[in-house]
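Every number here is computed from the coordinates shown, using simple stated rules; none is lab data. Note that the structure is a prediction, hence the values are computed from the model and not measured. Cβ sites come from the backbone with ideal geometry, for glycine too, and all protein chains shown count toward neighbours.
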Amino acid sequence: MGKKRKAQGESTERLSRIQRRFSVVLYMLEFAALGYPWMMVGEKKYSVVTFALKFKRDGIDSLVQQAGIEPNVLYEIGVKVNLGIFAFFVLVGIFYLATVFARKNWNINIMSLLTAIAVLYAGTTPYMMLDFCSNYTEGILCIGAFMVVAAVEFIGRKVIENWDVTVTEADEYHEKERREKEERKERLYFPGKYKKLFYRVIWKNFRRNLKDYTVLLVCNALVFGFVLTGFGMQKLTSQEGTTAKMTMTDLGEWEVTVEGGAKELPQSGLPSGAGEVLLKSIVELGAVGLFMLVLLLLYYLRKRIPEYGVFKTLGIRRKTMYFCMGLELGIGTILSLVIGGVAGTVLIAVFQKNIGGIEGSFLSPLLLLKAVAVMLVIYLVTFFVTHDLFVGFRMGCSLDLQVMKERMPRKFHIVVTAAGLGLCALMVYWYGMNGNFENIQILGGCLAGLYLVLRFGISGYLVHVRKKKGALSKLLRQHPFYHKSRSAVWYMFGLCVLQVCILAVFSVQLFSVSLVTDKDALFPYDLVMCASAEDGEDMELLEKMRQTAGVETLDYPMFRVSGTDATERSENNEMSAIRSQNIGISESTFHALKKAQDPDYIEKSLGLDDEGESIYIVHQQNKATKARPIDYKSLRSTPYLYTGPVCIGVDEYSPRTSFSRRRIAGEEVSGLIGALCQGERENLVVFSDTYFEKAKDIWKETNPYDGEVLKPEERAEYAEVLNQGPTRLIVAKADDAAIESLKPDLDAFRQRHRSEEAYDAKVKSYYLKKDVMFRMDAELNMQKTMAKLLIFIFFAAELLLLGIKMMTEKKMNVRRTEFLNCMGMRKKERRKLVRWEMGVYYSIVALCSAGLSTALLLTTFHARIYTAEDIKMISAKLLPFGVSELAALGILMWVLTEWNIRQVEKKTREA
Amino acid sequence: MESVLRAEKLIRNYKLPNAEEDTIKVLKGLDFVIEQNEFVGIMGKSGCGKTTLLKLLGLIERPTGGEMYFKEKKVKELWEDELADLRRRKIGFVFQDFYLMDSLTVEENIMLPMILDKAEEESCYESARGYAEHFRINALMRKYPYELSGGERQRVAICRALVNRPDLILADEPTGNLDSQSGKIVIDALDQIHKEHKKTIIMVTHDPQVASYCSRIILLKDGLILDELKNGGNREEFYQEILGRMADL
C-alpha cells in the first residue's frame, strides 16, 4: 500500500515538474515576443516595448506623423489603453510565473489567457496601436500569437495534469479489448478446414436450384444488357444533344452557354430523336426488368431460405453461411454482368444496323462503370422491394403460409369499388387530352383505380355470395379466391398491368407507324428558313434564291411564339427548362400555306379573335408521334404564350405580363410547312390577322429577360438588347443541285442566326427536308423495333408471373388434391376445379385489360387528333393484334394449367 | 447433478407486422429443469407454445424474457456462433417434417452435422454407416429422401440427430406424419436411444401413446405450465393418466 502511494506521489511530482517547465518556457516565449519588432510604423519597425518608449518620448503626434495617418484625439487614448492592456498582460504573466515557481496551483493562467484575448480585441479596435501599422495583417497575426501561446499553455497544463489518467484509461481499454478478443478466440475456437465433403454438399445443394438460378441470372443479364444499351445508344446519339445553360453573370445579366456535344451545332446530323425513343423504351424495359427481377428473387429466396435454414439449425457458422450465400449471389452478379455486357453490345450493333446513321465505338470504362452503378442501384431497389414483400407477405415466417387465410377488405366494398371506377374514368378522360401528352403518371392513376376495383369488387362479390343461399355449392370453386384474396388480386392486377401496356401503349407505338404513309405530305418543302426581314443579307439571300434555277420560293411574315417550357420532363433545379419556340403566323398566311399545299382548299374561319386570346395550332408532327402540347407547363390546355423570342428569365410557374393566356380555338396534326421537330418545337400558332399586326411590335415593349412590360423610361436602357427574332418564314422547293449551290450561303445564314439557334439545339435557323426525313425515318424505325421488343418482353413477363404463381402454389395444390382425393372427388372433377380457377383468372384479366385498353386507345386517338380515316386504318391492325394476343395468352395459360395439373397429380400420387 | 436445461420465467413474444395485435405472447413465464438422461414429453393443445418452446430449447431462437441455461451456461450471454456450435455438437434435432435436404443422399444427410463440424471424411462415413446399420437403413444410403417412406425418412433424421453424439435430442412430433407402424418404429428407436445411449430427450407430441414412453410430461396450456406428470414405471398406467389429464388441456 505504502509503495503504491509512494509511486503515485512520485508520478504526481514528475508531472508537476513537467507542467512547471512547460509554463515557464511558453511564458518566456511570450515575454520575448514583446521585444520582437513586428510593427511597421512608416519606414521603421517597432516592438511593443520600443513603441511604448517612442510614445512616451515623442508623444502621439510624432507617431501619427510617422505613420502617415489622419490625426485624431482618440489615438492618444487608444494607444494608452492598448499599452495598458499589454502592461497588464505582462504583469499577470510575471505574477503567474511567480506562482509557478512557488509551486502554487492558483490557475492564474486563465486570467493571462483572457488578457491575451483582450490584447487581440484591442488590436482590432479603431484608434489603437494597429492603426499605426502599415503591415496590418502581420500585426493581427503577431498579437494573435500571444493569445495562441497562452491558450496552448492553459490546455497543455490540463493535458499534462490528466496525462496519467488518460494513459491508464487507454491501457485499460486496450487490455479489455485484448481480453475480449482472446475470449472470443477461445470461446469460438473452431480449428481446421472444411473438408471436400462440405464443398460437395454445398455444391449439390446449389445444383438442385440451378434451373431457377439460371433464370434469375438471365433476367439479371437482360436488365444489365438494357442498361448498357441505353447508355451506349445515348453516347452514340448524344453528339447533337447540346443544351443551353443559362447563368446569371456578375453584372446581373443572363448568359446563354451551350453545353455538351459537338462544338459546332450540326444542322440535323444524327437522329437524337431515335435516341430519345430508345431511352424511353429502355426505361420501360428497365421497369419490367425490375418487376421480373423482384418476382424471380422472391421465388428464389422462398426456395433457398429454407435450405439455408437447415444448415443454420444444424449449426453452421454464421460467417460460413454468409460466405456461401455471398458466393452464390456474387458469382451470379458477375456472370450476369458479363453476359449482359455481351448482350448489350450485340443489341447496340443491331440498332446501329437497323437505324442507320449511328456509327462509332461506344464502349468506354466510364460508360461501363456508369452502367454497373445503375445496375447496383437496381439491385438495391430490388433488394428493398423484395425485402418489403418478403416481410409484408411473411414469407420468411416459420408459420405455414399456405394454410393461412389472407385478410380481405371487410367494409366499404361498394364505395371503394365505385371510387376505383370513378378514378379509372377520370384518368381515362385526362389521358385523352392532348395537353396531357399521354402521361405515364395518368396511366398509373388509371391502373390504381383498377386495383381498387379488383380488390374491393372481388371481395365484395365473394362476401355477398357467401351470405346467399346455395353458397355451399360454390364453396370449393371460390375457395382459392376467398382464402388467398390478396395474392389472387395481386396476380390478376399484375397481369392486367402488363396486358394494358401491351394492348394500349406498345401496340399504338407499333401500329401508328403505319399511319405515316405519305411522307412527302409531311415535308412539302425542301427548305424551310426563319429569316429576318430587317437583315439585309437575309433578304439578299432570299432574292438570290428566287433567281436560282430549280428553286421555287414562298415567303410569309412570322414571329417567334415562345412559351414557358418545351420539356416533357422537368429539369433539375440548376438548369432552367428549355422554353418552347414555335412559329407564329397570321390567319391569311395559314390559308395561303394551305392553298399552296392543296389548290382545292376552301378557306374556312378558324374562330380567332382580334385580341389574340384564341389561337389555332398546327401540331407539325407525324401520326406515329405521341400527343404533344404546345407548352408543357402552366395550363397546357390554355397555354401562356409570348409573341416574341424566348425570355430566358421567365419562370414557368409565374409567367410575366407579356405572356398572355390563350384559348385553343382549334388544332390539327399535319406538316403544313414540315414536321420539323415532330411537334416538340416549331409548331404553327395561328393568330387573327388583326392581332398578328398588333403582336408584331410587342417585343419592343418587353423586358427580354423576365418578360415584364417595360416602362417608357426603361426602353432606352434595353434598346441594344431588344431583338425581334426571325420575322420572315421562307419555304422553298428546290432540287438537290440547287440546294448544293446554295450551301455556302446557307452556312453564312446559319452563322448570322447562331445566337438564336444556340439557345435550343433542336430549333434551327433553317431545315433541309432530306435531313429531317432521315431523322424521322430513324425515329420511326426505332419506335417500331422497341415496340416489338417491349411487347415480347412484357408478354414473357406475363408468362413468368403465371409460372411463378403456379410454382409457388404447387405445394398447396398438392395438399388440396390429396384432400379432395381422400374425400372421394373424381379426378375429372378435380381437374375441372383447377381449370375453372385459371379460367376465372383469364376471364377477369382479359375482360379488364380489353375494356380498359379499348377506352385508353380511343382516348389516345382523341389526344393525337386522329381523323376517322386514321382510326379506321389503325383499328384494322390493332383489333386482330389484340384478339390474337388475348388468344395467345389464353392458349399459353391453358397449356400452363394442364402442365400444372399433371405436376400436381403426379406429386399427389407420389405422396 | 448438472442439469441439461433450466428455464426461469421463460418468456417468448412475437411481433407480427400485419397482425391485428402487435405482439403475440406465446410463452408467458415457464420454470422447469431438465436433468441428464431424462426423457421429457411436452404436451398441449395446438397453439399453446410447444414448438416455440422447443425452438428455445434447441437454441434456434432466443427468449424475449426470463433466463435459460444450457448446461448451466446462460443462453443470453452466448454469442450467435457459440449457439451454432452448441446446436452442432450438443443437440440433435428430429422434426415432424423430417427437415432433410432433398438434394443430398441419405448418407450425406446423416453426415451433415459432422461435415459442418469439419470432421474427417473417414470418420463421417464410419459414423453414418454405424447408425444406419443400427436403425436398419443401410440399404438406403445411396437413395434420396424423396425416394423414401415417411418412417424411413424419420429414421434418417434420427441417425442425423445422433451422428455427432449430442447430449440432448429434441424431437418435434416425430411420429406426427407417420402411420402407426412407422410411428412405433420411430418411438422405439427414441426409447432405445434414451435407454441404451443414455441421451436426454425432449419430445413434443400430441399422441398419449407416444407420450407414455417419456419419464416425465410437461403439460402446457396458453403459454404456461399446467402440470407435470411423472412416469411411475408402468407405461399403461402412465398412458391412462395422460389420457385423464388431456381433458384439462
**Asked** In chain A, what percentage of the DSSP-assigned beta bridges are antiparallel, given to the nearest 5?
**Response** 80 percent
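List the relative contact order of segment A:15-165 as a percent without decimals, with contacts defined as Cα pairs under 8 Å and 6+ residues apart. Intermediate values should be presented prior to the final figure.
Working: 150 pairs, mean separation 48.7, N = 151.
Relative contact order comes out at 32 percent.
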**Message:** Given points 7 Å out from each Cα along the Cα-Cβ axis, report the residue B:188 to residue A:334 separation in nanometres with one decimal.
**Reply:** 5.4 nm
**Request:** Determine, from the Cβ-Cβ distance of residue A:789 and residue A:870 and an R0 of 25 Å, the FRET efficiency 1/(1 + (r/R0)^6), rounded to the nearest 0.05.
**Result:** 0.50
**Message:** Which of the three applies to chain A, rounded, prolate or oblate, going by the alpha-carbon gyration tensor with a ≥ b ≥ c and a/c under 1.5 meaning rounded?
**Reply:** oblate
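Where the only charges are on Cβ atoms (+1 Lys, Arg; -1 Asp, Glu), what is the dipole of the protein assembly as shown about its Cα centre, to the nearest 20 debye? All intermediate terms of the calculation are to be shown ahead of the outcome.
Numbers: 152 positive and 143 negative charges, 1462 e Å.
Magnitude of the dipole: close to 7020 debye.
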**Asked** Taking only Cα atoms, what is the 0 to 90° angle, nearest 10, from helix B:121-134's long axis to the longest principal axis of chain B?
**Response** 70 degrees
**Message:** Assuming 0.36 nm per residue, please report the length gained on full extension of the stretch residue A:10 to residue A:898 beyond their Cα-Cα distance.
**Reply:** 310.4 nm
**Asked** So, with +1 on the Cβ of K and R and -1 on the Cβ of D and E, and no other charges, what is the size of the charge dipole of segment A:519-764 about its Cα centre, to the nearest 20 debye?
**Response** 680 debye
**Complete:** Placing +1 on each Lys and Arg Cβ and -1 on each Asp and Glu Cβ in the protein assembly as shown, then taking the dipole about the Cα centre, the residue among A:841, A:190, A:29 whose Cα reaches farthest towards the positive end is A:190
**Request:** Positive end of the charge dipole of the protein assembly as shown (Lys, Arg +1 and Asp, Glu -1 on Cβ, about the Cα centre): tell me which of A:63, A:332, A:379 has its Cα farthest that way.
**Result:** A:332
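Among A:558, A:873, A:28, which comes first, then next, by fewest other beta-carbon atoms within 10 Å? All intermediate terms of the calculation are to be shown ahead of the outcome.
Details: A:558 26, A:873 18, A:28 12.
The most exposed by this proxy come first: A:28, A:873, A:558.
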**Asked** Quick one: if you stick a label point 7 Å off each Cα along the C-beta vector at residue A:887 and residue B:67, how many nm between them?
**Response** 7.7 nm
**Prompt:** Given H placed 1.01 Å from N in the peptide plane, which residues other than close sequence neighbours of residue A:135 have an amide H under 5 Å from its amide H?
**Reply:** A:40
**Message:** Please list, by residue number, everything in segment A:101-117 whose backbone N is under 18 Å from a paramagnetic label point 7 Å out along Cα→Cβ of residue A:28.
**Reply:** A:101-103
**Item:** segment A:134-207 shape via C-alpha gyration tensor axes, a/c threshold 1.5
**Value:** oblate
**Message:** Quick query: amide H of residue B:203 versus all other amide H atoms, modeled in the peptide plane; which residues come in under 5 Å with a sequence gap of 5 or more or a different chain?
**Reply:** B:40, B:41, B:42, B:171
**Prompt:** In whole Hz, what ³J(HN,Hα) sequence does segment A:117-129 give by Karplus (6.51, -1.76, 1.60; θ = phi - 60°), x for Gly and Pro?
**Reply:** 5, 4, 4, 5, 4, 5, x, 8, 8, x, 6, 10, 4
**Request:** With θ set to phi - 60°, apply the Karplus curve 6.51 cos²θ - 1.76 cosθ + 1.60 along segment B:149-158 and write out the HN-Hα couplings as whole Hz, x wherever there is a Gly or Pro.
**Result:** 7, x, x, 5, 4, 5, 5, 4, 4, 5
**Asked** Based on the Kirkwood radius over alpha-carbon pairs, what is the Stokes-Einstein translational diffusion coefficient of segment A:34-162 at 20 °C with 1.002 mPa s viscosity, in µm²/s?
**Response** 138 µm²/s
**Asked** So how far apart, in nm, are the two label points at residue A:383 and residue A:203 if each is 7 Å from Cα heading toward Cβ?
**Response** 2.9 nm
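Net charge near residue A:172, counting Lys/Arg +1 and Asp/Glu -1 over other residues with Cβ under 11 Å of its Cβ? Present the calculation step by step, with values, prior to reporting the outcome.
On the way: positive: A:176, A:178, A:179; negative: A:169, A:171, A:175, A:177.
My count for the surroundings of residue A:172 gives -1.
Count charges around residue A:604 for me, please; just the other residues with Cβ under 14 Å from its Cβ, Lys/Arg as +1, Asp/Glu as -1. Walk me through the numbers on the way to the answer.
Numbers: positive: A:594, A:595; negative: A:587, A:598, A:600, A:603, A:668.
Summing Lys and Arg as +1 and Asp and Glu as -1 gives -3.
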**Asked** Looking at B:4, B:205, B:100, which one has the Cα that reaches farthest to the positive end of the dipole of segment B:3-246 (charges on Cβ: Lys, Arg +1; Asp, Glu -1)?
**Response** B:4
**Item:** Summed residue charge, Cβ within 13 Å of residue A:25's Cβ, Lys/Arg positive, Asp/Glu negative
**Value:** +2
**chain A: calculated mean residue ellipticity at 222 nm from DSSP helix runs of at least 4, using -39500 (n - 2.57)** = -22000 deg cm²/dmol
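Determine the dipole magnitude for segment B:10-166: charges of +1 sit on the beta-carbon of Lys and Arg, -1 on that of Asp and Glu, nothing else is charged, the reference point is the Cα centre, and the result goes in debye to the nearest 20. Walk me through the numbers on the way to the answer.
Values: 25 positive and 26 negative charges, 84 e Å.
So the dipole magnitude of segment B:10-166 works out to roughly 400 debye.
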**Prompt:** Taking θ as phi - 60°, what are the ³J(HN,Hα) couplings along segment A:409-419 by the Karplus curve (6.51, -1.76, 1.60), each to the nearest whole Hz, with x for Gly and Pro?
**Reply:** x, 9, 10, 6, 4, 5, 4, 5, 4, 5, 5
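Kindly state, to the nearest 0.05, the FRET efficiency for residue A:463 paired with residue B:240, given R0 = 56 Å and r defined as their beta-carbon distance. Don't jump to the answer; show the numbers that get you there.
Working: r = 48 Å, r/R0 = 0.86.
E between residue A:463 and residue B:240, to the nearest 0.05, is 0.70.
Using a Förster distance of 22 Å, how high is the FRET efficiency between residue A:828 and residue A:407, based on the Cβ-Cβ distance and rounded to 0.05?
Working: r = 34 Å, r/R0 = 1.54.
The value I calculate is 0.05.
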